[in-house]
Ligand code: MG
């Protein structure tokens, strides 16, 4: 389906005549889109449907292809990312853990901190050192159809850093209400985290902003400091976000995708006809933007790649 493409993005971010196209539909709540480079597919979570879906583009055509069920009964997976060591890292609300999918074999990575269970890991990124950073809000425990009812055992919602080699898990951001999507800056020295605590609350209650933190790495100790709100989105809540190779922040919102400079200046808006939860850059050369929006996946050709493209494709 191609309707009129409405956007105010800077001209240099899209090729001439770029159209927003619905490439797949039939899901209930699409989240966690991730381009899987070794398979050449887009994989995403249908959270309420408790399944993982895939879109396999036809050769040379990023918008035509096959939608299929990758797995069902997946314990409410949410966000995922590609680890440069060659596997998918994904969050499971139902099992309250971060897990690895290595060619279809799923294994737990981490499910507890300080002797208690995690809440419901939501979204995940990989740092240049191979460590896995994820947010842990409570939605899988508190939102019907997104996991299993349960207690917040450590009493808060943190961002954690996990070292696969040592098994070490450390909280790195502890001053947010409900951390959700996250991404590193192009140079890796800044962490952006969306706070979506305004969701399902009365107008004026909770946060709908993206915070920025400086990442300090000293002798193996990693800290996030100087946290502050960078921008507030104009519609709905910010969920997933990505950073492109020039450092722009592409953020989901109820009315589509908004793009900001690293300083938080609004650069433009892409209207999407369904509420957007997340997005990712993908495709053979990394310049296809795939957007997970409620029942569907949409595609927009762009001129930029994800900030992590070079190491993913290395
Ligand atoms: Mg999310």
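Key figures
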quantity	calculated
Whether the stretch 23-172 is rounded, prolate or oblate, judged on the alpha carbon gyration tensor where a/c under 1.5 counts as rounded	oblate
GNM result for the chain, Cα springs below 10 Å: residue of 39, 235, 221 fluctuating most strongly	221
Inter-probe distance in nm under a simple model that places probes 7 Å from Cα toward Cβ, at residue 28 and residue 226	4.4
C-alpha center-to-center spacing [the stretch 119-137, the stretch 282-305] in angstrom	22
q = 0.10, 0.16, 0.21 Å⁻¹: log10 I(q)/I(0) that the Debye formula gives for the stretch 116-259, counting C-alpha atoms only	-0.33, -0.85, -1.39
Rounded, prolate or oblate (a/c below 1.5 giving rounded, otherwise prolate when a/b exceeds b/c) for the stretch 249-304 by Cα gyration tensor	oblate
For the chain, built as a Gaussian network whose Cα springs stay under 10 Å, the top-fluctuating residue of 292, 166, 143	166
Separation in nanometres of the label points that stand 7 Å from Cα toward Cβ, at residue 177 and residue 5	3.6
Ranking of 29, 133, 44 by count of other Cβ atoms within 10 Å, fewest first	29, 133, 44
Computed [θ] at 222 nm, deg cm²/dmol, the chain (DSSP H ≥ 4; -39,500 (n - 2.57); rounded to nearest 500)	-500 deg cm²/dmol
Whole-angstrom Cα spans of the chain along principal axes, big to small	53, 44, 40
Potential extension, residue 165-residue 284 segment - 0.36 nm per residue separation minus Cα distance	39.8 nm
Anisotropy class of the stretch 177-314 from Cα gyration tensor, a/c 1.5 cut	oblate
GNM top mover of 17, 130, 247 - the chain, alpha-carbon springs below 10 Å	17
Label-point separation, residue 203 to residue 263 (7 Å along Cα→Cβ), nm	3.3
FRET efficiency, residue 64 to residue 128 (Cβ-Cβ, R0 45 Å, nearest 0.05)	0.80
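Readers should treat all values here as calculations from the given coordinates under stated rules, not as data from a laboratory. All of these numbers come straight from a predicted model, not from anything done at the bench. Reconstructed Cβ throughout: ideal geometry from the backbone, glycine too, with neighbour counts over all protein chains shown.
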